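Enquirer: Right, I'll just put the structure down here and ask away after.
The values are calculated or read from the model by the stated rules, or taken from the named source; none is laboratory data. These figures come from a predicted structure and were not determined experimentally. Glycine also receives a Cβ, built like all others from the backbone with ideal geometry; neighbour counts cover every protein chain displayed. For accessibility, only protein heavy atoms count, side chains too; no ligands or nucleic acids. Shrake-Rupley method; radii C 1.70, N 1.55, O 1.52, S 1.80 Å.
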Amino acid sequence: MKNPGKPTKGTRKRRVLIVDDHAVLREGLALVINVQPDLLICGEAATVNGGLQAVAAVRPDIALIDLSLMGGNGLELVKHLKTQYPNLPTLVLSLHDEALYAERVLRAGARGYIMKRASTPELLAAIRKVLDGEIYLSETMESAVVRQALGDREASTVDNPLDQLSDRELEVFQLLGEGHGTREIAEQLGLSMKTVSCYRQNIQTKLQLKDAAGLLQRAVHWATTMRVD
């Protein structure tokens, strides 16, 4: 049986595309990955559109995608890639807590989720595991998903109020927490202000918040606590 943490000998280097809006992080990942005997960085991008263009141009074996991208959302990129390139495996690498996002990215079509606080060996193992056709989750999340599948209610994320939000509602909630107003969110997501206002109202209702001020306070608090440095 293959050990996903070890490189496969005697094969060509498998090509990795990095989609992240932080140049320093892309450079750091490239330094780590390019010295591996079985892996090679074949391209980089910082936006959703850039990621789509890069995939078309370089045809990677795997795409390593951040959730928070410049002017867009990595979850949307995962969905686009799943539709346009169903055989391309994607692995999400993010600061955001896996407890809320791991299952979402799997539903969107990704093959794994790993947090940026993970060690280099863990990241390399995750990349290789996904390249070998398997799904990667941390031991904690893997255990929670299995327990939930077996009917363990304590392992379910249903009790988390934010889990009630759709992917788009969660994206709007995140942008609110990062200090963006309705107009900015509409422009960034390519939506009308009326649509964004509807999303805000839906979020407020689902989270049982009394008013817009309560929504903003909750969003800001969540945004500052969910990003793990």
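Enquirer: Looking at L88, is it touching a strand residue (DSSP E or B) at 6+ places or on another chain (Cβ under 9 Å) and either in a loop (DSSP other than H, G, I, E, B) or crowded, with 21+ Cβ neighbours inside 10 Å (or both)? Reasoning before the result, please.
Expert: Working: touching a strand residue (DSSP E or B) at 6+ places or on another chain (Cβ under 9 Å): yes; either in a loop (DSSP other than H, G, I, E, B) or crowded, with 21+ Cβ neighbours inside 10 Å (or both): yes.
For L88, the condition - touching a strand residue (DSSP E or B) at 6+ places or on another chain (Cβ under 9 Å) and either in a loop (DSSP other than H, G, I, E, B) or crowded, with 21+ Cβ neighbours inside 10 Å (or both) - is met.
Enquirer: Taking only pairs six or more apart or across chains, which ones have beta-carbon atoms under 9 Å, a first residue in segment 47-62 that is closer than 21 Å to G112 by Cβ, and a second residue that is of a type in the set (D, E)?
Expert: Taking only residues 6 or more apart or on different chains, the pairs are V48/E76; A54/E44.
Enquirer: Within the set of pairs 6 or more residues apart or between chains, which connect a residue that is more than 22 Å from D132 (Cα to Cα) inside segment 20-44 to a residue that is open to solvent by 60 Å² or more (accessible area, probe 1.4 Å) with Cβ atoms less than 7 Å apart?
Expert: Matching pairs, first to second residue: D21/M70; R26/E44.
Enquirer: Between a first residue in segment 198-213 that is of a type in the set (D, E, K, R) and a second residue that is open to solvent by 80 Å² or more (accessible area, probe 1.4 Å) and part of a helix (DSSP H, G or I), which pairs have beta carbons less than 7 Å apart while being 6 or more apart in sequence or on different chains?
Expert: K206/Q164
Enquirer: If you don't mind, another one. Testing K194 on (1) in a helix (DSSP H, G or I); (2) under 24 Å from T47 (Cβ atoms), one condition comes back false. Which one is that?
Expert: Here K194 meets the rest and fails (2).
Enquirer: I've got another one for you. I'm trying to understand the selection: among the residues of segment 198-229, which are surrounded by fewer than 16 Cβ atoms within 10 Å (Cβ to Cβ) and of a type in the set (S, T, N, Q)?
Expert: Within segment 198-229, Q201, T205, Q208, Q217, T224, T225 meet the criteria.
Enquirer: Within segment 90-131, how many residues turn out to be on the phi > 0 side of the Ramachandran plot and among the aliphatic types (A, V, I, L, M)?
Expert: Here the count works out to 0.
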